[in-house]
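Encoded as structure tokens, the structure appears first; notes follow it.
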Amino acid sequence: MKTDIFIGIDIGSSSLKAVAFEAGSGATLATAGGPLPHIRKPDGTCELTETALRAALAQALQGVSRQLGPRVEQLRAIGCTGHGAGLYALGPQGDLLLGCAVASTDQRAAARAQALSREHGAALFNEVGCRPWAGQPTLIAAELLAAGALQRGEIRHLLFAKDYLAFLLTGEMATDASDASTAGLLSLATGRWSSAAFEATGLSDLVAHALPPLVPSGTAAGRLQPTQAAEYGLPAGVPVVTGAIDLLASLLAVGAAGRGQQVAVLGTWCVNVVVAPVQAVLPPVAAIVNAGLPNDRLYMENSPSSMANIAWLARTLQFPSAAAVVDCAMSVPLGAEGLRFAPFINSGGPFPGAKAGFIGLANHHGRAQMARAVVDAVMALHAHHLTRLSALGLGAPGHVAVLGGGARDARLVRVLASMLGHTVERCGDDETGARGAALLAAQSQGIAADALPAPRDRVEPDTADVTAHQDFCVDFTRLMDSLAPAFAQLPGGQR
């Protein structure tokens, strides 16, 4: 008996992967892909060339095709997901302007975002669910226009990461509410493009011609074109589905959206979210996302840096991998013998103007203490955000799921569980984004919502040391708050 196969493609902040799943069992049949070669510069820019992006997509899909072998003919549909915001601006021929995409961690528009937030932040939060932030497509585009890198009228199409992948596969353009709303471009009230958001950045001209159609997540955007099918080794004509932003795709993959479960994503970004009913009064969270769910919103508490801090330390101190950083960190106890770290390698999130750095560095500290300080701080930042959500009554008390690349390491998850003081659910399957995209592809073909179940387990806190972990979190927040005057003195800081 032949079983349907669905592929999910996930373009994250640091890698692009394609994964093939078997309907019914949910088994992973093939995985391929790898890191994306972003170009990072001292001015805060973070870009990815169109050539590198196309090559990464081809490598991932060709790898999956080879692994599937003859079973590739059982492929029923493909779904796409990806990181939120950044800039994927296309010219009239469908090529990325300037030959590159801009990542969501790009910081060139940080000063513009701060200035706009001071002037219009409250009004924009009420309109679109978030204050201005540096990785928004409109902020990046405004910065490029001001610098003369782009000219008025050059942007013919504005897409998001997952939608650009679907465009490369099908030649068709569409997006969904989850991406548009996370980018701060969708009205919370109407679920349509917000003219106020574009006007605030001086880009109201884009509304008339550059925005793709808004369709529900799981809508077939088009079919795999013959040329691309031949290149990737996949059947031509397979439906390609407009998925959802990677966060929502991951929530769908583990069933968190229907359980009121808080979710921490240990990825490049420090993402913490819960799906909860629409609130009459908007709670003071970092962002509220209208993801097209009839009666619910995504309530988010985020910072631009989570595992990015650990990846930075691995590069800087020449550890062989992020896992090696954790190995080294666990050789010393919680607290890193008095060393602390501000985990803001991609800026500060809830602590305005914050930058990364070690505090309390002494002569006896070495690689192990530095690694432990980074690990402790990353987990404390997630705990800080999750605790804020709980304090606002968002999410079922004591119910947290941990996803993302960091979730593969049970030791990191146990640190977080100890800081929260309760058991957490872990999806060690790092490919929950791809699984969610494949699930939306399956649903588009009439397959049941539970067709691709994700493996999960439970991680207990260190019961002998919960108090120490929770005290650390309190001290962490107090320390970060107290550093505000110092952050303000740094270049680009708020004064």
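The values are calculated or read from the model by the stated rules, or taken from the named source; none is laboratory data. What you see is a predicted model, and the numbers here were worked out from it, not measured in a lab. All Cβ positions, glycine included, derive from the backbone under ideal geometry; neighbour counts span all protein chains shown.
Out of segment 385-408, which residues are in a loop (DSSP other than H, G, I, E, B) and either hydrophobic (A, V, I, L, M, F, W, C) or at pLDDT 95 or above (or both)?
392, 394, 396
Would you be able to tell me the number of residues in segment 233-254 that are touching a helix residue (DSSP H, G or I) at 6+ places or on another chain (Cβ under 7 Å) and buried (at least 22 other Cβ atoms within 10 Å of the Cβ)?
Qualifying residue count, segment 233-254: 15.
In this structure, does residue 138 turn out to be out of contact with any Lys or Arg (no Cβ under 6 Å at 6 or more places or on another chain) and either under 17 Å from residue 214 (Cα atoms) or not assigned by TED's automatic domain parsing to the domain that holds residue 207 (or both)?
No: the conditions fail for residue 138.
For (1) touching a residue at least 24 places away in the same chain (Cβ under 8 Å); (2) over 23 Å from residue 79 (Cα atoms), each residue gets a yes or a no:
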site: 398; (1), (2): yes, yes
site: 403; (1), (2): yes, no
site: 408; (1), (2): no, yes
site: 411; (1), (2): yes, yes
site: 426; (1), (2): yes, yes
site: 431; (1), (2): yes, no
site: 435; (1), (2): yes, no
site: 438; (1), (2): yes, no
site: 441; (1), (2): yes, no
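Could you tell me whether any residue of segment 35-44 is assigned to a helix (DSSP H, G or I) and surrounded by 14 or more Cβ atoms within 10 Å (Cβ to Cβ)?
no
Evaluate segment 58-71: report whether one residue or more is in a strand (DSSP E or B) and surrounded by fewer than 21 Cβ atoms within 10 Å (Cβ to Cβ).
So in segment 58-71, the residues in a strand (DSSP E or B) come out as none.
For segment 58-71, residues in a strand (DSSP E or B) and surrounded by fewer than 21 Cβ atoms within 10 Å (Cβ to Cβ): absent.
Out of all the residues in segment 90-100, is one or more touching a His at 6+ places or on another chain (Cβ under 7 Å), buried (at least 20 other Cβ atoms within 10 Å of the Cβ), over 13 Å from residue 201 (Cα atoms) and not assigned by TED's automatic domain parsing to the domain that holds residue 344?
yes
In segment 409-438, what count of residues is obtained for those that are among the aliphatic types (A, V, I, L, M), over 18 Å from the mean Cα position of the chain (by Cα) and assigned to a helix (DSSP H, G or I)?
Of the residues in that region, 8 qualify.
Restricting the search to segment 326-376, which residues are among the polar types (S, T, N, Q) and either buried (at least 23 other Cβ atoms within 10 Å of the Cβ) or in a helix (DSSP H, G or I) (or both)? Steps first, please.
Of segment 326-376, the ones among the polar types (S, T, N, Q) are 331, 346-347, 363, 369.
Hits for segment 326-376 are 346, 347, 369.
Which pairs do you get when a residue that is modelled with pLDDT of 95 or more, found in segment 470-489, comes within reach of a residue that is acidic (Asp, Glu), reach meaning Cβ atoms under 9 angstrom, with the pair 6+ apart or on two chains?
Pairs found: 472/376; 476/376.
When segment 88-144 is examined, which residues are found to be of a type in the set (A, V, I, L, M) and in contact with a Cys (Cβ under 8 Å, 6 or more places away or on another chain)? Working first, answer last.
First, pick out the residues of segment 88-144 that are of a type in the set (A, V, I, L, M): 89-90, 96-98, 101-103, 109-111, 113, 115-116, 122-124, 128, 134, 139-142, 144.
Within segment 88-144, 102, 103, 124 meet the criteria.
Report yes if some residue within segment 109-124 is of a type in the set (S, T, N, Q), in the same structural domain as residue 13 (by TED's automatic domain parsing) and either closer than 26 Å to residue 217 by Cα or not in a helix (DSSP H, G or I) (or both); otherwise report no.
no
Keeping to segment 197-216, report how many residues are in a helix (DSSP H, G or I), more than 17 Å from residue 150 (Cβ to Cβ) and touching a residue at least 40 places away in the same chain (Cβ under 8 Å).
Adding up the residues that qualify gives 2.
Go through (1) outside any strand (DSSP E or B); (2) of a type outside the set (S, T, N, Q); (3) surrounded by 14 or more Cβ atoms within 10 Å (Cβ to Cβ) for residue 9 and report which single condition fails.
Of the numbered conditions (1) outside any strand (DSSP E or B); (2) of a type outside the set (S, T, N, Q); (3) surrounded by 14 or more Cβ atoms within 10 Å (Cβ to Cβ), the odd one out for residue 9 is (1).
Could you tell me which of the residues 250, 305 is part of a helix (DSSP H, G or I), at pLDDT below 95 and not β-branched (Val, Ile, Thr)?
250
Please pick out the residue among 454, 441 that is surrounded by 16 or more Cβ atoms within 10 Å (Cβ to Cβ) and either on the phi > 0 side of the Ramachandran plot or touching a Cys at 6+ places or on another chain (Cβ under 6 Å) (or both).
When all the criteria are applied, what remains is 454.
If a residue must be in a loop (DSSP other than H, G, I, E, B) and within 23 Å of residue 82 (Cβ to Cβ), how many such residues does segment 24-34 contain?
Total satisfying the criteria: 1.
Could you check how many residues of segment 125-160 are outside any helix (DSSP H, G or I) and of a type in the set (Asp, Glu)?
1
So which residues in segment 265-286 are in a strand (DSSP E or B), touching a Ser or Thr at 6+ places or on another chain (Cβ under 7 Å) and either under 16 Å from residue 124 (Cβ atoms) or of a type outside the set (A, V, I, L, M) (or both)?
Listed by number, the list holds a single entry, 270.
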